[in-house]
Amino acid sequence: MRRLPSVLALAASSAIAAHTALAQPAPAAPAEAAPPAAPQTFESPIQNGKGEPIGKIMIRDGASALVMRVTIQPGGLPPGWHGIHFHAVGDCSDTAKFENSKAHVNHDQSKHGLLNPEGPDEGDLPNVFANADGSVNAEVSSETPLTGEGALKDGDGSALIIHANEDDHATQPIGGAGARIACAVIK
Ligand SMILES: [Cu+2]
């Protein structure tokens with residue numbers, strides 16, 4: 001990241017040299033590019049249906065997309081694929097069902113599903129895979145921002161919900177992903 005300005009400067013000087021060699025007027029030196037803004041970061045524990053911590057989410061939100069790492073310790077989840085979504089309210093207090101987190105983040109009433117022609121909704125994310133020991137190390141991206149208009153960190157926050165089954169990315173309302181078995185508050 002910090003190397004970028006010097007690389008740009010080198011590219012700019014090479015371009016000027018090339019122009020000079022062709023005996024064309026040298027262009028004005030470009031204004032030095034501002035270094036890209038550092039992504040916003042956010043971390044939150046993931047809890048299971050007994051309210052026990054099983055891992056964490058780590059979000060980095062850049063100018064164009066959000067990247068979220070999902071880390072779950074051995075024993076954290078049943079092995080296999082699990083649907084994960086951003087739900088509309090940052091409340092994981094009702095651990096038995098996690099229904100306080102409400103439905104998906106979805107400001108424009110899109111259909112659910114990354115593979116749905118009328119989707120996706122803003123809460124949709126790719127599935128994650130839990131290993132045979134129940135651990136997960138995954139990284140997913142989303143265009144839903146962490147802060148600002150339509151953000152996860154709105155007045156009542158949001159939640160990352162992990163479902164019992166995989167999301168087929170098409171059927172309504174949640175792709176057949178089943179029960180909510182883990183939750184992380186984003187607030
Ligand atoms: Cu969900």
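Brief remarks follow.
- Exactly one residue among 75, 83, 90, 134 is in contact (Cβ under 8 Å) with a residue 40 or more places away in the chain, surrounded by 14 or more Cβ atoms within 10 Å (Cβ to Cβ) and over 19 Å from residue 152 (Cβ atoms), and that residue is 134.
- Some residue of the stretch 57-64 being farther than 19 Å from residue 187 by Cα and either in the same structural domain as residue 166 (by TED's automatic domain parsing) or in contact (Cβ under 8 Å) with a residue 40 or more places away in the chain (or both): yes
- Selection status of residue 34, modelled with pLDDT under 70 and either surrounded by 14 or more Cβ atoms within 10 Å (Cβ to Cβ) or farther than 30 Å from residue 90 by Cβ (or both): no
- Contacts under 7 angstrom Cβ, first residue in the stretch 151-180 being on the phi > 0 side of the Ramachandran plot and near the ligand (Cβ under 9 Å from one of its atoms), partner acidic (Asp, Glu) and at pLDDT 95 or above, 6 or more apart: 175/167; 175/168
- Options 108, 133; residue that is farther than 14 Å from residue 184 by Cα, at pLDDT 95 or above and assigned to a loop (DSSP other than H, G, I, E, B): 133
- Residues being surrounded by fewer than 22 Cβ atoms within 10 Å (Cβ to Cβ), away from the ligand (no atom under 16 Å from the Cβ) and of a type outside the set (Lys, Arg) - total across the stretch 45-54: 4
- Only residues that are away from the ligand (no atom under 14 Å from the Cβ) and either in contact with a strand residue (DSSP E or B) (Cβ under 6 Å, 6 or more places away or on another chain) or not in a loop (DSSP other than H, G, I, E, B) (or both) were counted in the stretch 60-80, giving 14.
The values are calculated or read from the model by the stated rules, or taken from the named source; none is laboratory data. Remember, it's a predicted structure, so these values are computed and weren't measured experimentally. As a convention, Cβ positions derive from the backbone with ideal geometry for all residues, glycine included, and neighbour counts pool all protein chains shown.
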